[in-house]
Amino acid sequence: MTTRETSPYRLDRALVWEGFKTLLPLSLFVIVFGIAFGLAAAQVGLGGLEIVLMSTLVFAGASQFAALELWGPQIPVFTLLVTVFAINARHLLMGATLYPWLEPLSPARRYGIMVVASDANWAMAMQAFGRGQPGLGLLLGGGIALWGFWVLGTWLGLHVGGAVQDPASLGLDMVMGCFLLAMVVGGEKNLRMLLIWAVAAGASLVAFYHLPENSHVVVGALAGGLVGLVWGKRE
Amino acid sequence: MSLETGGLGALLIILAMGAVTLATRWGGVFVMSFVPIGYRVRQFIHAMSGSVLVALLAPLAVTGDNAARLALLTTAVIMLTLRKPLPAIAGGVLAAALWRQLA
């Protein structure tokens, strides 16, 4: 134990700046994903302002790519919002796991920090807390870095996208699908998850062919969620 | 219910997406300040957030052309071997491009 005061609850400007710098290398990769999103969004006919606004306000890559999958001249709003909620529901767990360290803060700070919570800065913050070190700077500063570079990348992608004549011939229509698949495959892999995915895929396909349009996302997500509920995993 | 994307429609949808996402970022903290989230609910949420991606992808893989399937296969293989998303996505896109140029 060091004698220096390193309470895990600490949050000040220096820690936020530290967090920003720590997440900076990862944020450069986030730019590339942002470019991919800007490119894909321009292809489905979203306007420039809307694309940048979506990255600014939503700041959750997988759900934004999923929204493009449902985008068209007519949008099934309910399905879209349920899809966004289901993909981003993991934020609920992040908030719940962070709660012990957020509790001493004022509500304004507590909810202010959560605005920029996402996978990478949450994971880094939890690691820091696990070592008994301050993690809120990583959460806030790192989140600001990720958010800023996500928006910047989106804006860049928009301008690259405008220059490409036939995106499909370059395989660029697959950016979205490959991104989502990489997120799935990069996650936890074991027999339980495999069964969950298989049931989700099967239910999705059944709904895709036999149920009203666009219901497959919600049906698949609920089916997979139920398998997870029945076959609980020890924590 | 569907909404036209012309005019203000797209902006409204994006605002709603932002609101829903913010609700997920705030919801966990908010609920925890009243009651701890239980084991079963956590299991359901965790399984659901992966399943929704699979549910989106399944029809894409079944109804897509061979280039699309090759792209997804390439991404999965690279992701399983290298465990890095960027090469996996780049490989998938490249595979689709090559297939469409050559086939």
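The values are calculated or read from the model by the stated rules, or taken from the named source; none is laboratory data. Source: prediction; values computed, not measured. Cβ atoms come from the backbone with ideal geometry, glycine included; neighbour counts cover every protein chain shown.
Results, tabulated for the structure shown:
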read-out	value
Unique match (being at pLDDT below 95 and either within 7 Å of chain B (Cβ to nearest Cβ) or more than 16 Å from A:Gly143 (Cα to Cα) (or both)) among A:Leu28, A:Leu23, A:Leu92	A:Leu92
Helices (runs of 4 or more DSSP H) contained entirely in chain B, each with at least 2 residues that are among the β-branched types (Val, Ile, Thr), at pLDDT 90 or above and over 20 Å from the mean Cα position of the chain (by Cα)	B:9-32
Helices (runs of 4 or more DSSP H) lying entirely in region A:1-74 (those with 3 or more residues that are in contact (Cβ under 8 Å) with a residue 40 or more places away in the chain and of a type in the set (Val, Ile, Thr))	A:13-43, A:48-58
Checklist (1) buried (at least 18 other Cβ atoms within 10 Å of the Cβ); (2) more than 7 Å from every other protein chain (Cβ to nearest Cβ); (3) within 30 Å of A:Glu213 (Cβ to Cβ) applied to B:Gly6, failing item	(1)
Filter result for B:Leu57 (facing chain A (nearest Cβ under 7 Å), in contact (Cβ under 8 Å) with a residue 12 or more places away in the chain and buried (at least 18 other Cβ atoms within 10 Å of the Cβ))	yes
Condition met for B:Arg25 (within 30 Å of A:Lys189 (Cβ to Cβ), at the interface with chain A (Cβ under 7 Å from one of its Cβ atoms), surrounded by fewer than 18 Cβ atoms within 10 Å (Cβ to Cβ) and of a type outside the set (Asp, Glu))	no
Boolean, A:Ile87 is under 18 Å from B:Leu22 (Cα atoms) and in the same structural domain as A:Gly19 (by TED's automatic domain parsing)	yes
In region A:122-163, residue surrounded by the fewest Cβ atoms within 10 Å (Cβ to Cβ) [restricted to those that are at pLDDT below 90 and closer than 18 Å to A:Leu93 by Cα]	A:Gly130
Some residue of region A:162-185 being under 23 Å from A:Val82 (Cα atoms), within 19 Å of the chain's Cα centre (by Cα) and outside any helix (DSSP H, G or I)	no
